[in-house]
Amino acid sequence: MQLPNYVLRIDLSDFDLGSKVLLFNTVNQVLVELDKEEAKCLFERGCSSEDQFERLFKDLEKVGIFDEPQLESEPFNTSRIVIVPTLRCNKSCSYCYHGGTINLEMKIADIPTLLHYIKNFIKEKKPQKVSVIWHGGEPLLVVNFISRLSNELHRIAFLNDLGYEETLLTNGVLLSEDMAIFIMKNTYIRDIQISIDKETSESSLQKIKLSVKKLLEEGCAITIKYNVQEQNWDRIKQIAQYFSSISNGNLFFILGYLEPHGDLGTWSPMSYSEFIDRYWSLADFFRSLRIGWEPSLPTRLFSACVADDPNSITIGPDLFTYRCNVNIPSSKWRIFGIHDQENGKVNKMAETIFLDYDPFNDPLCKDCPVVYLCMGGCHIKRIFNQRTKEYCKGTVLRVKWQVVDFYKSKVICKNR
């Protein structure tokens, strides 16, 4: 039998877990376990009788494994506003798409212009919640600017009776206990993601550890993103164990896969598939440390990225809007100049190439078993033709691993 493309078959023998087969409906999240005989009956018509096949097929229909996708848009209740206040950085990471060398920065004098644009943006989109994400460059280089704008943005949300949250992404070099206190007292940032990689010095790592402890004590949620390269793989467990020792249940540890951008070269000899296999081999270890990694089934990604979310936007330090911060400061990808809101023109091409994309008409995606989950994947990879067979293969493997991990956890009961 040929499965519809929204039903993923997972042979547990591929994961050294016996001979059973899992079927996972990637849209409605129904997961079914078949034993060896049932799988043979279904896929090879190796049934003892035609009645056996019909009974098995009806059982699977009854639990919804073949329910067809309903492609209704999910409601956009949150407007995400990515603000890149500076492209300057205090590191020169080999994998960075900006390189840390572009001296482009917002100024205090720009705040009224930013507020005017954001007020109008919120008025147009009518969200129930506003989520501000501070990106860079290294945003902590302009923490005083962030403090000023943070308080003004919170005031706008409060006056409009909107939910509000702020997240900051940093390399952690400027983090200290004093900086942690400043952030908690002078901004509305309550969620910080810190990137650690092979270029993070030991002295920076020690400062990060102390500041994370302070931030946790002050009620901030922390995500440690450990960017994996072959050279730093051996440090993962040691670093994860330390952060686990200071976690209060509000710290999460994730792994990042490094890949080339443009002409910057390759810095990880691992393929994406190899990374995924290594990643999930550590799942039980991380789970034992209580730093995230709870088993869950993969969910469908509606506008997981700001780039394809019509209710969200990225604002660059040049006071132009973009769909993706990777495109800053390219004039080709500027959408709208907020410094000239009365007379500014909208670059429709830079909008529609992201927002009008349909993965179900994409030859590379339409027959893929996980298209209903990844929705075509990263738009930057698509636009610049960087989606490779290896990357897509790794994406399918990642979904399979997550389903298998959930299955192993015994959270699921047999659906029949």
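The values are calculated or read from the model by the stated rules, or taken from the named source; none is laboratory data. Everything numeric here is computed off the predicted structure, so don't read it as measured data. Positions of Cβ are backbone-derived with ideal geometry, glycine not excepted, and every protein chain shown enters the neighbour counts.
Within the stretch 65-81, the set of residues being modelled with pLDDT of 90 or more and either farther than 30 Å from Glu165 by Cβ or assigned to a helix (DSSP H, G or I) (or both) comprises Ile65 only.
Restricting the first member to the stretch 375-397 and to residues that are free of Cβ contacts under 8 Å to residues at least 12 places away in the same chain, and the second to residues that are in a helix (DSSP H, G or I), the beta-carbon pairs closer than 8 Å and six or more apart or on different chains are Lys381/Tyr391; Gln386/Ile380. Within the stretch 254-292, being touching a helix residue (DSSP H, G or I) at 6+ places or on another chain (Cβ under 9 Å), surrounded by fewer than 14 Cβ atoms within 10 Å (Cβ to Cβ) and at pLDDT below 75 holds for one residue alone: Pro269. Checking each residue of the stretch 176-197 against the condition of being farther than 21 Å from Val142 by Cα, modelled with pLDDT under 95, assigned by TED's automatic domain parsing to the domain that holds Leu153 and within 24 Å of the chain's Cα centre (by Cα) gives at least one match.
Looking at the stretch 388-400, can you tell me whether even one residue there is modelled with pLDDT under 85 and either farther than 28 Å from Tyr257 by Cα or crowded, with 20+ Cβ neighbours inside 10 Å (or both)? Write out each step before concluding.
So the first thing to find is which residues in the stretch 388-400 are modelled with pLDDT under 85, and the list is 388-391.
Checking the rest, the ones that are also either farther than 28 Å from Tyr257 by Cα or crowded, with 20+ Cβ neighbours inside 10 Å (or both) come to none.
No - not one qualifying residue is present in the stretch 388-400.
Filtering the stretch 102-124 for residues that are closer than 22 Å to Asn77 by Cβ and basic (Lys, Arg) leaves a non-empty set. Sort out which residues of the stretch 30-57 are among the hydrophobic types (A, V, I, L, M, F, W, C) and outside any strand (DSSP E or B), and write them in order of number. Those that are among the hydrophobic types (A, V, I, L, M, F, W, C) and outside any strand (DSSP E or B): Val30, Ala39, Cys41, Leu42, Phe43, Cys47, Phe53, Leu56, Phe57. In the stretch 14-36, the residues that are without any contact (Cβ under 8 Å) to a residue 60 or more places away in the chain form Cβ pairs under 7 Å with partners that are surrounded by 17 or more Cβ atoms within 10 Å (Cβ to Cβ) and of a type outside the set (A, V, I, L, M, F, W, C), at six or more places apart or across chains, as follows: Lys20/Glu33; Asn25/Tyr6. Considering (1) under 19 Å from the mean Cα position of the chain (by Cα); (2) closer than 29 Å to Val228 by Cα, the lone condition that Gly316 does not fulfil carries the number (1).
Elements of the type helices (runs of 4 or more DSSP H) sitting completely within the stretch 110-224 and holding at least 2 residues that are within 28 Å of Arg235 (Cα to Cα): these cover 177-186, 202-217.
Which numbered condition in (1) over 30 Å from Glu124 (Cα atoms); (2) surrounded by 18 or more Cβ atoms within 10 Å (Cβ to Cβ) is the only one that Ile313 fails? For Ile313, the exception is condition (1). Checked against the criterion of being at pLDDT below 90 and not in a helix (DSSP H, G or I), the stretch 5-13 has at least one qualifying residue. Residues that are surrounded by 19 or more Cβ atoms within 10 Å (Cβ to Cβ) and either without any contact (Cβ under 8 Å) to a residue 60 or more places away in the chain or farther than 24 Å from Tyr188 by Cα (or both) within the stretch 97-117 comprise just one, His98. Checking the stated criteria, Pro295 turns out not to satisfy the condition of being at pLDDT below 85 and not in a helix (DSSP H, G or I).
Residue-by-condition table, conditions (1) surrounded by fewer than 17 Cβ atoms within 10 Å (Cβ to Cβ); (2) basic (Lys, Arg); (3) in contact with a helix residue (DSSP H, G or I) (Cβ under 8 Å, 6 or more places away or on another chain):
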residue	(1), (2), (3)
Leu168	no, no, yes
Asp178	yes, no, no
Ile194	no, no, yes
Leu205	yes, no, yes
Val212	no, no, yes
